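The values are calculated or read from the model by the stated rules, or taken from the named source; none is laboratory data. Values in this document were obtained by computation on a predicted structure and should not be read as measured data. All Cβ positions, glycine included, derive from the backbone under ideal geometry; neighbour counts span all protein chains shown.
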Amino acid sequence: MAGRIARFLEGWHQRRTEERWTRLAEAAPGLESFELRALRAEARGLRRQLDRLTQAAEARLAVPALGSGLPQMPLGTDWSWRPDLWRGAMAEPGAVARSDRTELGDGVALYHDCPLGEVVVRQVRNARPEDRAPYGLAVDVFGFKGSFLSLALNLPEAAVEGLKARHLVRAELAIDSDRPVKAFTRLNIKHGPNLAQPVSALPEQGRDKLAEFDLAYADLNEQRIERAWIDLILNDVAFTRIVIRDVVVSRRPRAEL
């Protein structure tokens, strides 16, 4: 009986919420600016959570699933992660990256300094088992007069929990491009006022790329690690289509000698 009452109340509350937002959407053209600002902030907060749920559902229900599981991790791996953009459908799958920073999803952003604004990014559905992830990210670059183009991936809190100088951090990527592209990965770890930034060049040939960072050489203050992110830096990209089919980041402690 209690379960039936709870379901009834939940359904009633949902209907009232939908009716409220319907009324507000219809009334929006006539509202004062201060009311619109408050409602916009509330709507964005609600949408952020709805997008998270939708993305998680798409990742679970995507058909075909392809090789959506993570690739074989090295022995001793204690954390691994595939960003949400490669796991489930985005609410807004495409954008023209006209400004120097374009958000592409939760914790993912594209940066460049090209004044032409001729960079287009779009989430694409992967179709082959070797693509591994259900989705990929296509970057189409037309005229390009900037000095850099990079994709920044904020690592979740779990990536830095218990992170030590004896860890190895590994980034595995599957990248298709219509010509060889010079690319680098940079691991950024903020520890106190300092920032460790080890860099690893990626091979130009082949679609499977691997970068590994030995934190023993990063001069880390283990007690003050706050956050971390990875930059994928692409050089000489004019008139090039690049599709990042998969990204997986993991870490493991170095074997004790």
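Considering only the range 242-257, how many residues are over 19 Å from the mean Cα position of the chain (by Cα) and of a type in the set (D, E, K, R)?
Looking only at that region, the number is 3.
Among Pro193, Pro156, Pro203, Pro180, which is without any contact (Cβ under 8 Å) to a residue 12 or more places away in the chain and within 29 Å of Asp131 (Cβ to Cβ)?
That would be Pro203, the only listed residue that is without any contact (Cβ under 8 Å) to a residue 12 or more places away in the chain and within 29 Å of Asp131 (Cβ to Cβ).
Hey, could you check the range 63-120 for residues that are touching a Ser or Thr at 6+ places or on another chain (Cβ under 9 Å), modelled with pLDDT of 85 or more and surrounded by fewer than 16 Cβ atoms within 10 Å (Cβ to Cβ) and say which is farthest from Val160 (Cα to Cα)?
The extreme case among them is Val96.
Residues are listed down the side, and each one gets a yes or a no for (1) under 30 Å from Gly88 (Cα atoms); (2) assigned by TED's automatic domain parsing to the domain that holds Trp86; (3) at pLDDT 80 or above:
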{"position": "Thr17", "(1), (2), (3)": "yes, no, yes"}
{"position": "Pro29", "(1), (2), (3)": "no, no, yes"}
{"position": "Glu42", "(1), (2), (3)": "yes, no, yes"}
{"position": "Leu50", "(1), (2), (3)": "yes, no, no"}
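Does the range 96-153 hold any residues that are touching a residue at least 12 places away in the same chain (Cβ under 8 Å), among the acidic types (Asp, Glu) and in a strand (DSSP E or B), and which are they?
Asp140
If you check Ala171, Ala159, which single one turns out to be touching a Phe, Trp or Tyr at 6+ places or on another chain (Cβ under 9 Å), assigned by TED's automatic domain parsing to the domain that holds Gly136, under 14 Å from Asp231 (Cα atoms) and hydrophobic (A, V, I, L, M, F, W, C)?
Selected residue: Ala171, the only one of Ala171, Ala159 that is touching a Phe, Trp or Tyr at 6+ places or on another chain (Cβ under 9 Å), assigned by TED's automatic domain parsing to the domain that holds Gly136, under 14 Å from Asp231 (Cα atoms) and hydrophobic (A, V, I, L, M, F, W, C).
Please determine, by comparing only the residues of the range 182-233 that are hydroxyl-bearing (Ser, Thr, Tyr) and either at pLDDT 95 or above or more than 21 Å from Ala255 (Cβ to Cβ) (or both), which one is surrounded by the most Cβ atoms within 10 Å (Cβ to Cβ).
Thr185
Only one of (1) modelled with pLDDT under 95; (2) touching a Ser or Thr at 6+ places or on another chain (Cβ under 8 Å); (3) buried (at least 19 other Cβ atoms within 10 Å of the Cβ) is not met by Val169, so which one is it?
Failing condition for Val169: (1).
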